[in-house]
Amino acid sequence: MPRHELTLPDLGIDDQPMTLSVWLVERGSRVAEGEPVVEVLAGAATVDLPSPADGVLAETLVTEDDPIEVGQILAIVEETRDNEDTKEGAPAPGQ
């Protein structure tokens with residue numbers, strides 16, 4: 001099944017340190033394309049990053065409060081077939 005990387009885009013705040021504030025979705029949960037998945041803190045600004053695709057949040061590669069950089073992969077969203085029944089909060093297959 002296709003896998004999509006959720007990366008930190010250039011937010012235009014180059015002079016500010018950025019940290020992953022909080023995961024808004026638990027690993028193994030279904031997400032819709034465009035749904036906020038993670039909150040990033042950049043200086044005094046907070047930005048929600050959306051899922052790049054419909055599927056399951058298969059992997060989270062950064063821990064809350066970790067420093068992050070533009071272009072860094074934060075998570076992997078794995079597409080699922082419409083008829084698959086993945087439970088919320090359960091690890092995706094292969095995890």
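Where a number appears in this text, it was derived from the coordinates with a stated rule and is not lab data. These numbers come from a predicted model, not from an experiment. Virtual Cβ from ideal backbone geometry, glycine too; neighbours counted across all protein chains shown.
Where in the stretch 5-46 does the label zone of residue 65 land, with the point 7 angstrom along Cα→C-beta and an amide N cut-off under 13 Å?
Within reach of a label on residue 65: 20-22.
With 10 angstrom as the radius, rank 5, 69, 59 by how many other C-beta atoms surround their C-beta, starting from the fewest. Don't skip to the end; give the middle numbers.
Numbers: 5 14, 69 8, 59 20.
Lowest to highest Cβ neighbour count: 69, 5, 59.
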